[in-house]
Amino acid sequence: MYAKLVNNLDELGFTDVEPFLSDYLNKVSKEGVGIQDALINITDREINLRNKRAAQIQITVSHFPYERTIDDYDYTFQPSVNKAEIKDLATLRFLEHAENILFFGTPGTGKTHLATALGIEAAKHRYITYFITCHDLIQTLRKAYDENRLEARLKHFSKYKLLIIDEIGYLPIDKTGANLFFQLIAKRYEHTSTIITTNQPFSKWGDVFSDSMLANAILDRLLHHSHVIKIIGPSYRTKDYYELLEGNEQKRSR
């Protein structure tokens with residue numbers, strides 16, 4: 001009967017239950033644990049394991065550059081970032097209201113880290129999420145436009161509950177690219193959430209997108225129902241370099 005039970009569980013895909021099965025059966029026969037409680041424990045364990053696997057698959061297909069959490073962020077190094085605000089965003093309530101998040105700051109201040117961490121949190125909760133740089137997004141849309149399948153590609157990017165567009169402003173965008181970007185933002189507007197990272201103030205987006213009217217139209221949709229987080233501080237990438245310089249200066253002064 002035990003072998004039959006194991007085979008049935010394997011057949012149903014409960015492969016992770018078998019190592020704990022004997023323990024559950026002992027509790028039922030020797031410790032007076034009810035069969036209903038044992039079944040609940042077994043099925044809860046299986047559900048949790050399946051949810052973890054599904055979450056990891058979602059994280060993998062979301063194309064994140066790395067795995068980070070909001071707790072990994074060094075808030076002491078960047079005190080301009082309100083930790084309580086980031087924690088609140090990590091509850092993912094912004095997704096239910098189709099709100100956007102815009103991270104603005106100089107390079108190296110952790111904009112991508114925070115955007116990725118919130119994206120991973122969304123993916124863990126089974127929200128379909130995708131991470132892409134602005135340059136790669138524009139190139140993808142341009143290719144689809146040239147191949148006469150732009151509408152299908154816009155629908156593809158519009159399906160994501162959360163789309164993270166990284167590094168707006170690092171490379172120039174011509175008017176065609178700006179128009180394609182606008183079409184995507186307009187399609188997602190008030191339906192899904194978008195996280196943006198940029199090193200350019202919004203007043204400079206007319207230069208970034210080579211068209212002030214298009215830039216204003218893009219910003220109009222992104223900033224409506226949004227959270228804007230401005231990070232003012234030094235770069236993480238040069239942190240060790242400056243600490244080394246300070247150490248050398250202190251040695252010379254002795």
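The values are calculated or read from the model by the stated rules, or taken from the named source; none is laboratory data. No experiment lies behind these values; they were computed from the predicted model shown. Every residue, glycine as well, gets a Cβ built from its backbone with ideal geometry; the counts of neighbours run over all protein chains shown. SASA here: full protein model, heavy atoms, side chains in, ligands and nucleic acids out. Shrake-Rupley method; radii C 1.70, N 1.55, O 1.52, S 1.80 Å.
Counting Lys and Arg as +1 and Asp and Glu as -1, what is the net charge of the other residues whose Cβ lies under 11 Å from the Cβ of residue 83?
Residues close to residue 83 contribute a combined charge of -3.
Taking 22 Å as the cut-off for C-alpha to C-alpha distance, list the pairs among 87/187; 143/187; 87/159; 111/143; 187/230 that go past it.
Going by Cα-Cα distance, 87/187; 87/159; 111/143; 187/230 fall outside the 22 Å limit.
Report the calculated FRET efficiency for residue 75 and residue 210 (r = Cβ-Cβ distance, R0 = 30 Å), to the nearest 0.05.
Step by step, r from the Cβ atoms, then E = 0.25.
Calculate for the chain the 222 nm mean residue ellipticity that helices alone would give, adding -39,500 (n - 2.57) per DSSP H run of length 4 or more and normalising by residue count, nearest 500 deg cm²/dmol.
That calculation yields -17500 deg cm²/dmol at 222 nm.
For the full complex of protein chains and a 1.4 angstrom probe, list 235, 193 by accessible area with the highest value first.
Largest accessible area first, the list is 235, 193.
Just to confirm the number: angle between the C-alpha axis of helix 175-188 and the first principal axis of the chain, 0 to 90 degrees, nearest 10?
Approximately 40 degrees, to the nearest ten.
For the chain, state the semi-axes of the equivalent ellipsoid (square roots of 5 times the eigenvalues of the alpha-carbon gyration tensor), sorted largest first and rounded to whole angstrom.
Equivalent ellipsoid of the chain: 44, 28, 16 Å, largest first.
Rank 46, 67 by accessible area, highest first, at a 1.4 Å probe radius?
My answer, sorted largest first, is 67, 46.
Which whole-number value in Å² is the accessible area per residue of the chain, probe 1.4 Å?
Heavy-atom SASA per residue in the chain reads 57 Å².
Which of the trypsin sites (Lys or Arg not before Pro) found in segment 151-207 are loop residues per DSSP with 13 or fewer other Cβ atoms within 10 Å of their Cβ?
Of the trypsin sites (Lys or Arg not before Pro), the ones in loops of segment 151-207 whose Cβ has at most 13 other Cβ atoms within 10 Å are 159.
Would segment 112-163 count as rounded, prolate or oblate if I go by the C-alpha gyration tensor, calling it rounded below 1.5 in a/c and otherwise prolate when a/b exceeds b/c, oblate otherwise?
Oblate, since a/c reaches 1.5 and b/c is not below a/b.
Check each of the chymotrypsin sites (Phe, Trp or Tyr not before Pro) in segment 49-119 and keep only those in coil by DSSP with at most 11 other C-beta atoms within 10 angstrom; list them in order.
Passing sites in segment 49-119 are 66.
List the lysines whose Cα lies under 20 Å from the Cα of residue 52, skipping any in the same chain that are fewer than 8 positions away.
Straight-distance partners of residue 52: 124, 161.
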